[in-house]
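One structure below.
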Amino acid sequence: MRIHDPMFLLPDASSISPRIDLLFWTMVGMCTLVAVGVMLTMVYFCVRYRLGSHADRSNRHKKNLTVELSWTLIPLVIFLGMFTWSLFLFAQLHTPPAKSQTIYVVAKQWMWKIQHPGGQREINMLHVPLGQPIRLTMTSQDVIHSFYVPAFRVKQDVLPDRYTRLWFTPTKLGRFPLRCTEYCGLDHSKMKGYVVVMRPSDYARWLHDHAASDSVVSQGKAIFRQRGCSGCHSPRASVHAPDLHGIYGRVVHLSNGKTVVADERYIHDSIMQPDSQVVAGYAPIMPSFKGQIPASDMLKLMAYLKSNSTDEPPASNTPNGEAR
Amino acid sequence: MSTMDTLTLPPPAVDSYLDHDNTLWAWLTTHDHKRIAILYTIGITFFFVLGGIAAAMIRLDLLEPSGLLDPETYNKSFTFHGVVMVWFFLIPSIPATLGNFLLPLMIGARDMAFPRINLASWYLYMIGGLFTAAALVWGGVDTGWTFYTPYSTMFSNTNVYLVIVGVFVTGFSTIFTGINFLVTTHSLRTPGMTWFRLPLFVWAMYAVSLVMVLATPVLAMTLALIGLERGMGVGVFDPALGGDPLLFQHLFWFYSHPAVYIMILPAMGLVSEVISCFARRRIFGYKFMTWSMLAIAVIGFMVWGHHMFVAGMSVYAGMVFSLLSFIVAVPSAIKVFNWTSTLHKGDISFESPMLYVLGFVGLFTMGGLTGLMLAAPALDVPLTDTYFVIAHFHYVMVGGSVMAYMGGIHFWWPKVTGRLYPEGPAKFSAILMFVGFNLTFFPQYILGYDGMPRRYHSYAPQFQTLNVLSSAGASILALSYLLPLLYLVWSLRYGHKAGNNPWQARGLEWQTTSPPPENNFRHPPVVRNAYAYDEPAP
């Protein structure tokens, strides 16, 4: 039996982890206090009022509204305090800093495929620079997975045909385990890897050493052309189709009178099921690309469409699952 | 206390519900709620053993970081463990056995309102169980008890159909039981048994029946949709077919979170009866106890989203679900404080049912408090889907519900069988269960915080020490479940005659003979306060 780490010392290696740990240990402390309090009281009563003891049993209480109300309201107030504290942290977990760098993650049974903005790819490894906020845009090729880095105290489910996000700022150098935490079949427990936190200069060198021929955006642009998207969606096209320049984050008016914000989910659905949300003023003539574009290519397309957009989507801290 | 009545009263008249018609056919066609309770007890004990064997496989695998079983067997083991323990043990456990037996007795009725439906519900339960067991024989299922889509609909190559049919059918047995309890409580109370004289156990059965009747149909629909998508490719959940993967989770937890309360509410009622009896005290805060159970039943329907904080649900929905989850903890806290206060200035004795029940209060408190941490979304993010969650819900369901169930079996055993079990081994088992339980599940809290995900067939080597501790605890726990099986069966033949009221308890069920006659009471029972321990025994 080998012990690598002391049991209690899970490293905290992201900007958010000490804040989460503070809440965690505060709650552990309070819960311990309450549990020990209840148990000691029970033991005390059990000993003092055991059958046949001579303890005073006069003035037995029958009803006591004050007592009942106090142990209803005091816990309620404490719970609301805990709730509020946790709320602020939860909001932070969903608010990436403005200048974060996006890295793309595709999960599949049973591996993590990572692509950096410059096009560098890796599998089951994620190299990131120290102190730089990192934002992951994630999707799955098959079932639901979950991206979990214990040392960073972050976790986010990764869904097929949906795009979820996660951010963190690494604060310690080193290798930190990455694990899948949503059961995904036979080798669920083998779907793991490491996040490697490097000095920014080392990271730059790493990027250079692993340089790809094309950045994600230009790969996306190539796909945009290969798949024939540009044939219709360009200003020079003869077909009457919406211009996609700056589409990401824009408010789109649909033919059914509704409006949507063009987030990842909207763009994805418009490619896969073009008939479901037709833009006002256009005929529903676009063919469906369902089953033709792999998840990783979709991410590149998405990156390309985002690249010519200046706006952030308004609901940027809302995962796209239910943003509509 | 003990067996004084047997000396003072004439020996009970012979014909109890166990005395006549003991052919197999008579038992399988009985309409007597007491016999149906015993049929259920045999059924759930069988499934508890099956689920326990699956648990043993899990703990065996996790002795070594690389896993002692192959991943496929491991995945099927935890799936089978979950499915069987949830639907074929925990949900029917207290309501279908003790509830079935005691509800009519406690309200002074001759039987349930619908005796035939009562029997039908047992048959549905067994048929559902057969389907599920058949799935095991034909290769097992590997989806986890949660059947998350699209894995369960489009990716798993195992016998998903058989299991969902099994659970679907069993769901109707739950609904039947719920309807029966509700109608019985409304319409068959003996004169004088007003709503606020009902024992808390009856209130618990009432609250749990509401949840069963309202929540279980949603499960049935959800499982049917899985069948449609898997079988005919109707796109409901799988995004590749135009469905929504989160929709499944919403529907599933809309049932499965209330299902947690189906498991714990009966235990809460049961514990109130036992604590009051052995502390010789009126239950403290009777009305707060009833309202808190009803509050749990109602608010319990509005907290399902706390299972989905990292699932990709909207952040704002997460915040609302978190708030409601904190609020639903308040009534549970009230109950713990009231049980503790019931002990105050009592004359407490420590027979085995009391030991089980005191164990329940301690373990339930720990399970509930760690539940608060999971209700805080910022903590749930790192902790969810790790062993912390496993430890939390086992403290509530096993440390809580199963411990209470064992306490209840010991408390009412003399009434059900007319016999006393040997007290020494019973006390020993209760203590062993408490120790074994903590040794099994406490280390899992630490594993979870340290980042060991659930449903892992293999794990990082630094987790081994705690896993070995947990497996060691599980073997003690297994022994503590085996022992009662032995001495309780032994007592059926060799146990001392119990007498009508060995604990000098005050509930109506103790006014009749042990075991009770077929129609429960020879004379109409006189309704008194079920907790009148400050008055002399009748």
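Summary of computed values
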quantity: Unit charges at the beta carbon, dipole of chain B: most positive-side option, B:TYR40, B:PRO65, B:PRO217; calculated: B:TYR40
quantity: A:THR102 long-range amide H proximity, modeled H, under 5 Å; calculated: A:ARG135
quantity: Among A:ALA283, A:ALA35, A:ALA204, residue whose mean-square fluctuation peaks in a GNM of chain A (springs only between Cα atoms under 10 Å); calculated: A:ALA35
quantity: Relative contact order of the stretch B:152-280, pairs being alpha-carbon contacts under 8 Å that are 6 or more residues apart, as %; calculated: 32 percent
quantity: Cα-centre dipole for the protein assembly as shown with unit charges at Cβ (Lys and Arg positive, Asp and Glu negative), debye to 20; calculated: 1080 debye
quantity: Two-site label geometry, B:THR73 and A:LEU69: point separation in nm, points 7 Å out along Cα→Cβ; calculated: 6.2 nm
quantity: Positive-end extreme of charge dipole, the protein assembly as shown - chosen from B:ALA329, B:ILE53, B:LEU251 (charges on Cβ); calculated: B:ALA329
quantity: About the Cα centre, charge dipole magnitude for the stretch B:389-538 (Lys/Arg +1, Asp/Glu -1 at Cβ), debye; calculated: 300 debye
quantity: Using θ = phi - 60° and Karplus 6.51 cos²θ - 1.76 cosθ + 1.60, couplings along the stretch A:164-174 (whole Hz; Gly, Pro as x); calculated: 10, 10, 8, 9, 7, 10, x, 10, 9, 6, x
quantity: Extension reserve of the B:LEU485-B:LEU228 stretch, reckoned as 0.36 nm per residue once the Cα distance is removed; calculated: 88.3 nm
quantity: Sequence-distant residues sharing a close amide H with A:GLY174 (under 5 Å, placed H); calculated: A:VAL197
quantity: Extension reserve of the A:ARG236-A:ARG199 stretch, reckoned as 0.36 nm per residue once the Cα distance is removed; calculated: 8.7 nm
quantity: Kyte-Doolittle mean at least 0.0, axial Cα span of 15 Å or more - DSSP H helices of chain B; calculated: B:33-61, B:115-137, B:160-187, B:200-232, B:245-279, B:286-299, B:315-343, B:352-375, B:403-417, B:423-449, B:464-494
quantity: Counting DSSP beta bridges with both ends in the protein assembly as shown, the antiparallel % (nearest 5); calculated: 70 percent
quantity: Helical mean residue ellipticity (222 nm; -39500 (n - 2.57) per DSSP H run of 4+; nearest 500) of chain A; calculated: -11000 deg cm²/dmol
quantity: Rounded FRET efficiency, nearest 0.05, which uses the C-beta distance separating A:ALA222 from A:SER255 and R0 of 22 Å; calculated: 0.10
quantity: Spacing of the two label points (7 Å from each Cα toward its C-beta) at B:THR45 and B:VAL183, in nm; calculated: 3.0 nm
quantity: Residue-span extension gain [B:LEU63 to B:TYR316] - 0.36 nm each, minus C-alpha spacing; calculated: 87.0 nm
quantity: For A:PHE45, B:PHE309, B:PHE89, order by how many other beta-carbon atoms lie within 10 Å, fewest first; calculated: A:PHE45, B:PHE89, B:PHE309
quantity: GNM flexibility winner over chain A from A:GLN115, A:GLN273, A:GLN156 (Cα, springs under 10 Å); calculated: A:GLN273
quantity: Cα→Cβ-extended label distance, 7 Å offset, between A:ASP209 and B:ALA532, nm; calculated: 8.5 nm
quantity: Residue among A:GLY291, A:GLY220, A:GLY246 with the largest mean-square fluctuation in a Gaussian network model of chain A, springs linking Cα atoms under 10 Å; calculated: A:GLY291
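Computed from the coordinates by the stated procedures, all read-outs in this text should not be read as laboratory data. Worth saying up front: this structure is predicted, and the values here are computed from it rather than measured. Neighbour counts run over all protein chains shown; Cβ positions are idealised from the backbone, glycine included.
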